1. When GLY74 is evaluated against the numbered criteria (1) of a type outside the set (A, V, I, L, M, F, W, C); (2) in contact with a Leu (Cβ under 9 Å, 6 or more places away or on another chain); (3) at pLDDT below 95, which criterion, by number, is the only one it fails?
2. Could you tell me whether PHE233 is of a type in the set (Phe, Trp, Tyr), more than 26 Å from HIS62 (Cβ to Cβ) and at pLDDT below 95?
3. What tally of residues in segment 50-96 results from selecting those that are part of a strand (DSSP E or B) and either among the charged types (D, E, K, R) or at positive phi (or both)?
4. Would you mention how many residues in segment 143-165 are over 14 Å from PHE211 (Cβ atoms) and either among the hydroxyl-bearing types (Ser, Thr, Tyr) or surrounded by 12 or more Cβ atoms within 10 Å (Cβ to Cβ) (or both)?
5. What residue, among those in segment 102-140 that are assigned to a helix (DSSP H, G or I) and hydroxyl-bearing (Ser, Thr, Tyr), is farthest from ILE227 (Cα to Cα)?
6. So, in segment 222-234, of the ones that are in contact (Cβ under 8 Å) with a residue 60 or more places away in the chain and part of a loop (DSSP other than H, G, I, E, B), which residue ends up surrounded by the fewest Cβ atoms within 10 Å (Cβ to Cβ)?
7. Do any residues in segment 49-65 that are of a type in the set (D, E, K, R) have Cβ atoms under 7 Å from those of residues that are in a strand (DSSP E or B), where the two are at least six apart or on different chains, and which pairs are they?
8. Taking the condition surrounded by fewer than 16 Cβ atoms within 10 Å (Cβ to Cβ) and under 29 Å from LEU109 (Cβ atoms), does ALA180 pass?
Amino acid sequence: MPRTRLVTTAALAALLVAPVVGAAAGAAGAPTVSSLLAASGRALKGQHGVHLVVTTDRQGVHSAAVADIGRSAGHESYTAGAERFDVAVSTTAAYLSGSPSGLHALMGLNPKQVAKVGAKWIVMKKGSTQYKEFWLNLTAKGFGAILPTAKGTRLLGARDATTGGYQLRWTTPKTASASASTTTLVIAAGAHALPLREEVAAAGASSLTVFSHWGEDVRFPRPAATIAYAKVFG
């Protein structure tokens with residue numbers, strides 16, 4: 001089964017008090033790229049939950065993902081037309097469910113495997129390779145990947161019109177598997193320098209991630225109807 005990622009998001013960390021951007025910026029009060037990234041990195045370490053809404057348009061095909069990511073649990077629902085899947089992780093297991101077309105087209109299950117799953121959730125035990133991948137994408141372990149490196153990143157002079165936050169922008173060069181893209185990350189101005197929005201633009205594709213409910217408590221109870229991973233893929 002192929003690995004999935006929410007987007008350039010994922011994960012969170014332990015509880016601390018976020019510093020003010022102005023303090024990180026120095027006496028002049030205006031932040032630099034480095035001071036803003038440092039302040040945001042410290043702020044992220046103080047969070048234990050976040051709600052994400054991601055909308056993507058790729059060559060006219062629209063998709064959406066809604067996720068709640070926490071320190072010890074996470075859940076994501078992804079839809080693209082009639083295709084859907086849900087992934088979740090807790091401290092004991094990871095779970096996957098979805099529509100038949102979603103499990104087949106998006107997650108790579110063959111028709112026989114899809115039939116075995118039906119309306120159940122596939123269970124992946126803690127310690128398995130699949131569990132580790134879901135844990136990395138849906139909990140605090142991957143949260144630091146939201147922020148770019150200072151090199152190649154610039155702070156725009158204008159604030160974000162929607163949130164009033166600072167705007168960081170950088171370009172990712174073209175690779176063998178992906179076209180070049182430009183990312184704009186908005187970080188809140190004020191006492192808590194937390195990410196608010198992220199826009200990615202590439203040839204024929206764009207995405208918008210909106211971060212909200214920082215600090216929420218995320219839990220995911222074990223689903224009632226489940227099937228073991230080995231019974232589906234064994």
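The values are calculated or read from the model by the stated rules, or taken from the named source; none is laboratory data. Worth saying up front: this structure is predicted, and the values here are computed from it rather than measured. Every residue, glycine among them, receives a Cβ derived from its backbone with ideal geometry; neighbour counts consider all protein chains shown.
1. Condition not satisfied by GLY74: (3).
2. Yes; evaluated as a whole, the condition is true for this residue.
3. 7
4. 11
5. Among them, the one singled out is THR129.
6. Of the residues in segment 222-234, the ones in contact (Cβ under 8 Å) with a residue 60 or more places away in the chain are 222-223, 225-229, 231-233.
Pick out the ones that are also part of a loop (DSSP other than H, G, I, E, B) and you get 222-223, 225.
Working: ARG222: 12, PRO223: 15, ALA225: 9.
Ranking the qualifying residues of segment 222-234, first place goes to ALA225.
7. Hits for this filter: ASP57/ALA205; ASP57/SER206; ARG58/ALA205.
8. When the stated conditions are applied, ALA180 does not pass them.
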